[in-house]
Amino acid sequence: MKNNLQTVAALLRLQARRLEMPEGRAALEEAIRRVRAIALVHDTLSQTLDGPVDFDEVADKLIEMVGEVSAQPDSGSLPRRVGSFGLLPAGLATPLSMVLTELLQNALEHGLRGRSGVVEVSTRRLENELEIVVADDGEGLPLGFSLTQSPRLGLQIVRTLVEGDLRGRIEVLPRAGGGTVATLRIPVQLTGGD
Ligand SMILES: Nc1ncnc2c1ncn2[C@@H]1O[C@H](COP(=O)(O)OP(=O)(O)OP(=O)(O)O)[C@@H](O)[C@H]1O
Ligand SMILES: [Mg+2]
């Protein structure tokens, strides 16, 4: 599975290089990023079988990967993680990784487009719930933004995964002081070692 995904990513990359059309190339690069995110998680998961996953490790790899691909040259620093995800059931790790990738990507590409700023992923364990906040202090959501009405693919993937696979809730709102905050709450049973 992992090798297949890496092959797919490599092929898409080759194709993207040959494309002259900027939009076509951008769309392919998005697809590559999505495939790579899945491959990366798979890599970690395949080492743990069905047991709990140390999600901090996965999240840090994702942050590094998305930062590498999307951070604008002048945006200052990479996203940073505050707090610990702890051990998560393996079944949550893949959908949660996809969601994080999309939110980080948006914070860097839309929030911090052409400006410097900070992106922070903070997380804390509440009783039977994991709270994850992705915040940027960038340019903020466009006028008339609506999470449920957005016709774009990224946040639709996010909503489907959060409400379906993760059985959780998500809000994307303006941040006090400027920028955007996405808040995610997903039900999680405590796993050992916590
Ligand atoms: N952190 C953010 N800061 C500013 N605007 C944002 C942020 N996150 C989302 N948006 C706005 O919401 C829109 C929808 O986001 P969404 O991720 O669904 O689509 P996209 O990023 O434009 O395309 P893609 O399907 O490739 O993700 C964006 O086009 C952008 O205008
Ligand atoms: Mg997006």
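We did not get these values from a lab; they are worked out from the coordinates using the rules stated. These figures come from a predicted structure and were not determined experimentally. Here the Cβ positions follow ideal geometry from the backbone for every residue, glycine too, while neighbour counts run over all protein chains shown.
Database remark: amide H of E129 closer than 5 angstrom to the amide H of V188 (H placed geometrically; neighbours at sequence offset of 5 or more, or on other chains; Pro and chain starts carry no H).
Sites count as exposed loop sites when they are GluC sites (Glu not before Pro), lie in a DSSP loop, and have at most 16 other Cβ atoms within 10 angstrom; the longest stretch of the chain without one is 21-126.
Go ahead and run the numbers for FRET between A31 and T160, Cβ-Cβ distance against an R0 of 22 Å, rounding to 0.05. Calculated transfer efficiency: 0.80. Using the rule -39500 (n - 2.57) for each DSSP H run of four or more residues, divided by the residues of the chain, the 222 nm mean residue ellipticity is -14500 deg cm²/dmol.
Tally Lys and Arg at +1 and Asp and Glu at -1 over the other residues with C-beta under 14 Å from the C-beta of S150: what net charge comes out?
Residues close to S150 contribute a combined charge of 0.
Taking every DSSP beta bridge that has both ends in the chain, the antiparallel portion is near 85%.
Here each label is just a point 7 Å from Cα along the line to Cβ, and for S122 and D60 those points are 2.0 nm apart. If one computes P(r) from the Cα atoms of the chain, what percent of pairs lie at distances over 22 Å? Percentage above 22 Å: 48. Estimated at 0.36 nm per residue, the fully extended path between R152 and V82 surpasses their Cα-Cα distance by 22.3 nm.
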